[in-house]
1. Name the strands (runs of 3 or more DSSP E) wholly inside the range 302-416 in which the number of residues that are among the aliphatic types (A, V, I, L, M) is 3 or more.
2. Out of the range 113-144, which residues are within 16 Å of the ligand (Cβ to nearest atom) and either among the hydroxyl-bearing types (S, T, Y) or open to solvent by 40 Å² or more (accessible area, probe 1.4 Å) (or both)?
3. Which of the residues that make up the range 145-174 are open to solvent by 20 Å² or more (accessible area, probe 1.4 Å) and part of a strand (DSSP E or B)?
4. Which one is nearest to T143 (Cα to Cα), of the residues in the range 252-288 that are open to solvent by 30 Å² or more (accessible area, probe 1.4 Å) and in contact with an Asp or Glu (Cβ under 6 Å, 6 or more places away or on another chain)?
5. Taking the residues in the range 330-369 that are surrounded by fewer than 18 Cβ atoms within 10 Å (Cβ to Cβ) and small (G, A, S) as candidates, determine which candidate is nearest to the ligand (Cβ to nearest atom).
6. So, in the range 226-235, how many residues would count as being away from the ligand (no atom under 15 Å from the Cβ) and open to solvent by 60 Å² or more (accessible area, probe 1.4 Å)?
7. If A204 satisfies all but one of (1) within 27 Å of L220 (Cβ to Cβ); (2) open to solvent by 40 Å² or more (accessible area, probe 1.4 Å); (3) away from the ligand (no atom under 13 Å from the Cβ); (4) assigned to a loop (DSSP other than H, G, I, E, B), what's the number of the condition it fails?
8. Listed residues T270, T251, T284; which is within 13 Å of the ligand (Cβ to nearest atom), out of contact with any Lys or Arg (no Cβ under 7 Å at 6 or more places or on another chain), among the polar types (S, T, N, Q) and under 30 Å from R114 (Cα atoms)?
Amino acid sequence: MADRLRIAVLGAGPGGYPAAFLAAERGMDVTLIDTRPEPGGICLYEGCIPSKALLHAAAVITEAREAEAIGLTFGAPALDLDRLRAWKDGVVRGLTGGLGQIARARKVRYVQGRGRFIDTHTLRVAHDGELTEVQFDAAIVATGSSASIPPPLRLDSPRVWDAAAALALPEVPATLLVVGGGYIGLEMATVYAALGSRVTVVEATGGLLPGADRDLVEVLAKRVATTVERIHLHMTVQALAETDDGGIRATLAGSSGTEEARFDRVLIATGRRPNSADLGLDATRVSLTPRGFVEVDVQRRTAEPSIYAVGDVAGEPMLAHKATHEARVAVEAIAGEPSVWEPSAIPAVIYTDPEVAWCGLTEAEAQAHGLDIEVARFPWSASGRAATAADRNGLTKWIAQAGSGRLLGAGIVGRGAGELIGEATLAVEMGARLEDIRLTVHAHPSRSETLMEAAEAFFGTSPHYLGRRR
Ligand code: NAD
């Protein structure tokens, strides 16, 4: 046993648990440390999984309501909030419990508690007044991120929610203010609007989802404008205060001045910050960026040779699947392999109605890099599959290198975009060209066909769309 590498993994989210399982599979002696009783992290307990469960419920409600347009009229949904919450919690319990079983089957030692580095080879874990010391040859920090709430909005009130509080589904407020028109704000606006809240979204910048492709956002924004009550752009929330009637008074500041409005509940979704404080990193040589991310090299190794970092704590994009891929790189590096972090395309999916997904470079990023690009587009108004699903809101686009047609990125907005982006990610990662996509037979009618049709349209040969080569 003594010659087995001892690995400590701090944090059991989608960076930490895959790292622990991979290391154990390679015969390493692994300890996985987390404050929660089972592995899963924010993603399973308070993020990706419960939000997608609630978004499924929202989609069922919305589809049933909109089926009226095709001659199917259902009654208004009777919402049993306790059962919906119990179902969602059951999904989370099932998945986290499953991870616990896998940990035990792989002989990963799971230590519940809050871990801190004591030195470069020791972690001390505190739980319920008990301390456990974990010695390691290599440690992987995978402590994730937390909601970053601007100081003026830090009101200690159960009427002000972060994402975790909104996902707990305590109630369906009559009015909900969502501060931040990013990933979390828009996903939660989609859920609560479908459940019956009148939602107002306030976004500081000039558009929803800053950073995402504007062609994609335009399609989403048009739809969101019909499902939420109001969207305020170029506006911030300056202050929040409880009102005597059980709500919250918000002071909103925009280009035309300041106004006050009352809401039953407020969700703050203004971004996340890395969980790098209070880890005892000052007992090591690990260095942080000015924003608090742990600095890592291409193998995810920190400035302290025995310590690696993966996931949200190690930098953007803060996405579960990026963490999982980094975990593989870190474990392989610890095993002495020449593994490096070099993906060409990381998919991003926002599970709104419709979904927005992209991978690789966006058109704006390619232009900012000074790249000579060409863009292929296919609007879903020309898709037979979209027409038969009575939902033609969508767009598929490719960003390709001019001349060679080599794919640099893709963007999709529309129902199921989050599934379709997989093919695009593979194409970009494999160095495919527009011509390859055009010559790949796609099922008809399907939404995946829009990827081929965009390439066809680029060459002027789409049978369903008159798009021309630009
Ligand atoms: P975000 O960065 O996506 O969006 C925050 C938004 O709030 C931005 O649009 C920003 O301009 C705005 N904002 C900031 N301060 C503001 C203020 N004072 N008033 C009004 N608007 C303000 O952050 P998020 O939505 O909190 O999500 C955090 C991270 O979590 C995301 O970056 C993403 O990586 C991850 N996430 C991913 C998914 C997914 O993959 N589907 C879902 C949820 C969260």
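The values are calculated or read from the model by the stated rules, or taken from the named source; none is laboratory data. Bear in mind the structure is a predicted one, so any value in this text is a computation, not a measurement. Using ideal geometry, Cβ is built from the backbone for each residue, glycine included, and neighbour counts are taken over all protein chains shown. Just so you know, the surface numbers come from the protein's heavy atoms only, side chains and all, with ligands and any DNA or RNA stripped out. Shrake-Rupley method; radii C 1.70, N 1.55, O 1.52, S 1.80 Å.
1. Answer list for the range 302-416: 348-350, 373-379, 395-401, 407-414.
2. T143
3. S146, A147, V160, listed by residue number.
4. Within the range 252-288, the match that is nearest to T143 (Cα to Cα) is S287.
5. Just the residues of the range 330-369 that are surrounded by fewer than 18 Cβ atoms within 10 Å (Cβ to Cβ), to begin with: 335-340, 342-344, 346, 364-365, 367-369.
This time we only want the ones that are small (G, A, S), so: 335-336, 339, 344, 364, 368.
Details: A335: 29, G336: 32, S339: 24, S344: 19, A364: 15, A368: 18 Å.
Of everything passing the filter in the range 330-369, A364 is nearest to the ligand (Cβ to nearest atom).
6. 2
7. Of (1) within 27 Å of L220 (Cβ to Cβ); (2) open to solvent by 40 Å² or more (accessible area, probe 1.4 Å); (3) away from the ligand (no atom under 13 Å from the Cβ); (4) assigned to a loop (DSSP other than H, G, I, E, B), only one is false for A204: (3).
8. Details: T251 fails: under 30 Å from R114 (Cα atoms); T284 fails: within 13 Å of the ligand (Cβ to nearest atom).
Residue meeting the stated conditions: T270.
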